[in-house]
Every structure is written in C-alpha cells, then in structure tokens.
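Just below is one structure, and these are the notes that go with it.
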Amino acid sequence: MEYGCAANASLSTRSPCTFSADWECLVPLLTDSQFTSIQSTNLIEFNIFDIFDFAKKKYDILQRALTQNHVISLQLQDNIILDLLDSSTSRNDLLTIQRILAPFDNNNYYIFEFYTDGSLIELGTEQCSISCAFAQISDLFDIPHVEFYSTIDKWPSAYRGELLAVLLALSVVPKNSKVRINTDSLNIITQFEKLKKSRFSQTSREYFKANNNFLWAILCRIILTLNLHVEMFKVVAHGDDMGNNYVDNLAKIAHTDQDRYIVFRRDACMMKVLPCWNGIIIENKLRSFLKNICNYKGLEKFINLNRNSKYRTLEVDWTSTFSCLNCDINNNETSVSSSKTKAQKVHLLIEEIPTIEQMKKSLLDLYDGWMCPICGLHDETFNHVWTCSGHYDIINNIRDKTINHLLTWILEYNDNIQDFNALMALDIWDISYDPNMFTFIDLLKGIIPMSLTELLSSWTTKKNVVDVLIQMRQFIFNEIFEEVWIPRCSHLKEFKRSMGLTKKKKLEFKSVRSLPSNNSSNNNIIHYDSLDSVRNYIYFGKNIIEFYTNLTL
C-alpha cells in the first residue's frame, strides 16, 4: 500500500486529492517542501491542516465505534445499528452478532428464528429495571447460535422490554432476510400486525396515540431499511417451551449486569419533530401525558397554597381524595348535574365557597362590617361555617351519622370486626380547625387522611376501601349542603332582600373597592415546584399521586 498524496505530481489535473492509509498512520509529517511557495494552480483545494482535521474527526468516529473489543461491521458507513445506537458495550455486542450472521444473507435458504422476552422488576422503586433478551438457538439452516441481553431506562413497563427485544433482534440480521419472532407477548403481536397492514408506515397522529411510540417507529425503520420479511408467533409464557424459558432467564440475568444498557440516538426515529419534557423524549401517548402534566401542576399549585401548608407535612391519601372527588362522574359523561356537583366539591376542597369573607374580596364596600349570618358574632370564614355555634348541633349529628354509616359499610365487607376503638381514636372526628392535625373539617372538604385509609385497609380489600370512602364522601357532601349550606344561603338571601340588596345594586359596588389580597408567605416553607413526581414516574414507574401521599416535608 502506498502512503501519501500524489496530487502535486501532475500539473495538468485539478482533480481532488485522494489517498488511502491505515488510521494509525494518519499523522501529519510536515517537510520543508510543503511550505515552499508555489503557483496557486498547483495547489490542492485544502491544506494539510484541513486534511489532519478531517482525518482526526474520522478517527474519533471510528474510535467511538470500536471502543470495546474493536468490533467493526462489514459496512461501517451504512450500518443500521450505528445509525440507531450510541456507543456502549451492548452496541458492540450487537455489532458482533451482526458480523456473525452477515454471511447468512441468502433469503431463499436461510430463515432466522429468534426467541425474545422482556422483564421488569421493582416497579415503583429506584431499583426499577427494564431488561430484554433475544436468542437464536435453532439448529436449522446451520445458523450459529447467538444470544443477547441488555437493559434500558425510562418509561418502565414489561411491554417496553418485550418490544425492545424484538427490535434489537431484527437489527442484527442481513438485508432482505426472512425472520421468525417467537414471543409470549400478545400485545406486541397485535400492534405489529396493525403496523404490518399499513406497511409499517405511521402518520403523526398514529405515532402520538401509541405508548412506546419511539421504539415502534424505530422498529418500522429497521424493517423498511433492511427490507425484512417478519412473522411473529405467540408462545406460552413460563411453559414448556425451551427457547422461551432460555431467553426469560437471559432477561433476568440482564438486571444484574450494569455494564449492559441501550441508549438510542435522538435521530433514531424518523419523526421530524419529537416532543420532549425537560429534555426527555415523551414516548407515551402525548395527549394523555400532557393532560397529566397539567393535572399535576394544578395539584402542586393547590398543595403550595398557604392555606394547605398542613397537607405538606401530614400524610394525605391523594389517590382516594381524587377518587372521591370524581365519584359521581361515570364514563366521562358530562351533564349539568354532574358538572355542578363536581364544581361544588372543588369549591369545598379549595375553600372557595362564597362566605362573607370571600365576598369581601370583590365587594368590600358592600359587605364591610358584615359578620356571620347565623351567629352574628364572628367573621364568616371557611372554617367558621363549620364551627359556628349555630351549626354545632347539626355538624355533630352529621359526624355521628357518618361514623354509624362507616361502620355499617365496613361490616358489609367484613362482619368479623369486633373492636372499632382504633377507628374512634382517630383525630378526624374532632370538630375544630387545627393547622397541625386532621380534623372533621378536613373530611368535610374532601381530604382523606392516610391514617383512615390504612385502618380500613387492615379490615378489607383495597377495592372495598375505595368504595367505602366514596360512599362516606358522598354522604358527608350531601348532608352538609342540605343541612348547613343551603339553609345558611336561604337565611342570607332573606336578609339581603330585607335590606333591598339586589343583583343590580351589587354591580354598582363591583368596581368600587375590594379587599386587598394577602400575599404574605412564609419563605421558610418548602414548596413542591419541580414536578419531581413526573420524573419519578418516567424513570421508576412510581405512581404520581402516591408521590405526594408518601412525601412529607
């Protein structure tokens, strides 16, 4: 092999300089002749420093690709694995398998048969791990036995591991190959057949409506790029199939090998636009994810209100709280009645019912000096409505009936309970306001303490507990509106009528003067403001609502 450049040997040509050399030899050796002044017509179009920079870049690319074991594909510049994956031990393992299978490229004779499997462990914890494995262990066609296992992070699910195994198995076969995939995931086969009918072409709408859409788009790219003919077959999980049991064991081994992981390049998917959240590609249903983000931003905003500072230190069962909030909404149907009920529950939860003190915020000149319409002795704040002496007997009666109904509902599911002292000992039956502990006012608002949920869970199943809590919440809501709030509003309405206060007169005061907003805040109070719950969901599969339930400051 000759080294160096012969471009200057011919004075009659203007063709670009071309040369071949081993990458170890790409070191610039500058001589005096290279600095000699010559006519511009004899110069190549770039100098030796440009050549060196170009060679160095190419060397860096090769070095990254060959970092471990110096594995190189036969077609380095046109390799689907290098196009899809960033450098890692797992990528080099795939390149090795690709090289082993490369000679078996006669699709008239060879059929590649892979067993694939995925595994998910410790979902919802920081030890959560998603793994995949595939193996070609068939002796047909004299194709060598190969096996592979690895892990991937983010968006944990067993489905994701199953899909990744199929995708990577297809990436190692030669172009135009026939491939048989044996998997125990019926969901993978179902989605694959849908894509097959559309010839592995996805619209943007179809892409954004699917979970693990990034991986499915890559799978389509592999099949189209390599022109593969793929058939998928269902095998029984954890049965007598030797191949399936073999890859199942490989997938479990992958959890303990921290050196093997898959990292896809951002341009691995052919979509022109990829939605991201905090630099993380959104790989689940886009509309659902954005809806959840908005919901949990609202939850954080609610928890961060000064009035709710106690809920940042106490354990609230937010899952049950919101289940009770939505209990009257069936199948996402919208009606005037359900919407009104939902609005009333929300107003209770956020302490925004139209009390006198609340109305002073917009009509101070009109309501200035007004006191509680029931007792006439105190400012009518949200908490005063339920602790007012005029409502004391009614609220006590509602509390007692709530306890009796709660016992009845629990006994319907478990009639062996003999001792209810633990239930009666809970602080939630105290009719008062306490910034440091739960009281009956919190139940009136719709807040479900974790202490109540845990106690009920010790007596019956989780599903039954949810049913009981929903019945309790609905009962309390109906009682306080019928026995307390509606009579209070009727009394206030008659009082306003006796004073000649009409809607038209209210409008005259609307823009006169309002109560200054209280923006005072305690800078020492820690707030939720970074949606850590969503990050924990993406990385570890943690329940987003339970994140706030279990996290106290």
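The values are calculated or read from the model by the stated rules, or taken from the named source; none is laboratory data. Keep in mind the model is a prediction, meaning the values are calculated, not measured. Methodologically, a virtual Cβ is constructed for each residue, glycine included, from the backbone with ideal geometry; neighbour enumeration extends over all protein chains shown.
Quick notes on this one:
- Each residue in the stretch 151-168 was checked for being of a type in the set (A, V, I, L, M, F, W, C) and within 14 Å of ASN284 (Cβ to Cβ), and 2 pass.
- Tally, over the stretch 271-293, of residues that are at pLDDT below 90, part of a loop (DSSP other than H, G, I, E, B) and aliphatic (A, V, I, L, M): 2
- Residue within the stretch 202-211 that is in contact with a Leu (Cβ under 6 Å, 6 or more places away or on another chain) and not hydroxyl-bearing (Ser, Thr, Tyr) present: yes
- For ILE111, the criteria (1) modelled with pLDDT of 95 or more; (2) of a type in the set (Val, Ile, Thr); (3) touching a Leu at 6+ places or on another chain (Cβ under 8 Å) hold in every case but one, which is (1).
- Filtering the stretch 209-225 to residues that are assigned to a helix (DSSP H, G or I) and surrounded by fewer than 19 Cβ atoms within 10 Å (Cβ to Cβ) leaves LEU224, THR225.
- Residues being farther than 23 Å from SER88 by Cα and either assigned to a loop (DSSP other than H, G, I, E, B) or within 25 Å of the chain's Cα centre (by Cα) (or both) - total across the stretch 240-259: 2
- Test for LEU407: is it surrounded by 12 or more Cβ atoms within 10 Å (Cβ to Cβ), of a type in the set (A, V, I, L, M, F, W, C) and touching a strand residue (DSSP E or B) at 6+ places or on another chain (Cβ under 8 Å): no
- Residues in the stretch 272-293 that are under 28 Å from THR89 (Cβ atoms) and aliphatic (A, V, I, L, M): LEU274, ILE280, ILE281, ILE282.
- When the stretch 139-159 is filtered for residues that are in contact with a helix residue (DSSP H, G or I) (Cβ under 8 Å, 6 or more places away or on another chain) and over 16 Å from LYS252 (Cβ atoms), the ones remaining, listed by number, are ILE143, PRO144, VAL146, ASP153, LYS154, TRP155, TYR159.
- Taking the criterion of being more than 20 Å from PRO156 (Cβ to Cβ) and surrounded by 16 or more Cβ atoms within 10 Å (Cβ to Cβ), the residues of the stretch 283-301 that qualify are LEU299, GLU300.
- Selection status of SER451, of a type in the set (Gly, Ala, Ser), farther than 27 Å from PRO354 by Cα and surrounded by 14 or more Cβ atoms within 10 Å (Cβ to Cβ): yes
- Wholly within the stretch 303-419, helices (runs of 4 or more DSSP H) carrying at least 3 residues that are touching a residue at least 40 places away in the same chain (Cβ under 8 Å), more than 28 Å from THR453 (Cβ to Cβ) and assigned by the TED database to the domain that holds PRO487: 364-367
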